[in-house]
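Below is one structure, written out as structure tokens; the observations come after it.
The values are calculated or read from the model by the stated rules, or taken from the named source; none is laboratory data. Here the structure is a predicted model, which is why all the values come from computation and not from measurement. Don't worry about glycine lacking a Cβ; one is built from the backbone with ideal geometry, like all the others, and counts go over all protein chains shown.
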């Protein structure tokens with residue numbers, strides 16, 4: 001085991017780094033807490049609030065398009081996508097959760113920009129509150 005090279009990530013952004021939070025308005029009573037948590041985490045890592053932009057979308061399905069436009073602007077060093085998709089009685093959950101996930105991954109790879117995935121996909125409101 002001593003011959004194995006270990007590479008570990010670190011989050012120490014340069015002073016001039018800019019970040020965008022892309023947040024879904026749908027289920028805003030959950031997403032507001034995610035926005036607060038993400039903003040707090042960035043601040044604790046030395047990112048000033050003036051280097052953080054918050055962009056709202058109608059729902060989680062629209063997060064990839066907003067992320068794509070932000071990534072294409074080349075203004076940001078990283079994006080954080082935030083939303084809450086709660087399962088209901090129809091297949092809508094699978095469509096929204098799946099396409100949101102695939103879309104954000106595609107944007108990240110296409111534009112070579114890290115996108116933090118903070119989209120909760122849960123069965124119940126209680127599960128969303130717990131997370």
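Restricting segment 19-34 to residues that are surrounded by 13 or more Cβ atoms within 10 Å (Cβ to Cβ) and free of Cβ contacts under 8 Å to residues at least 60 places away in the same chain, the residue that is nearest to residue 57 (Cα to Cα) is 25. Answer yes or no as to whether residue 77 is out of contact with any helix residue (DSSP H, G or I) (no Cβ under 7 Å at 6 or more places or on another chain) and surrounded by 13 or more Cβ atoms within 10 Å (Cβ to Cβ). Yes: the conditions hold for residue 77.
In segment 97-110, what residues are surrounded by 18 or more Cβ atoms within 10 Å (Cβ to Cβ) and over 19 Å from residue 35 (Cβ atoms)? Step through it out loud before you land on a result.
If we filter segment 97-110 for residues that are surrounded by 18 or more Cβ atoms within 10 Å (Cβ to Cβ), which is where we start, we get 97, 100-101, 103-104, 107-108.
Answer for segment 97-110, where residues must be surrounded by 18 or more Cβ atoms within 10 Å (Cβ to Cβ) and over 19 Å from residue 35 (Cβ atoms): 97, 101, 103, 107, 108.
This table checks each residue for (1) at pLDDT 95 or above; (2) buried (at least 17 other Cβ atoms within 10 Å of the Cβ); (3) not in a loop (DSSP other than H, G, I, E, B).
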position: 4; (1), (2), (3): no, no, no
position: 8; (1), (2), (3): no, no, no
position: 36; (1), (2), (3): yes, no, yes
position: 63; (1), (2), (3): yes, yes, yes
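With respect to the conditions (1) surrounded by fewer than 19 Cβ atoms within 10 Å (Cβ to Cβ); (2) within 16 Å of the chain's Cα centre (by Cα); (3) touching a residue at least 60 places away in the same chain (Cβ under 8 Å), residue 114 lacks only one, and its number is (3).
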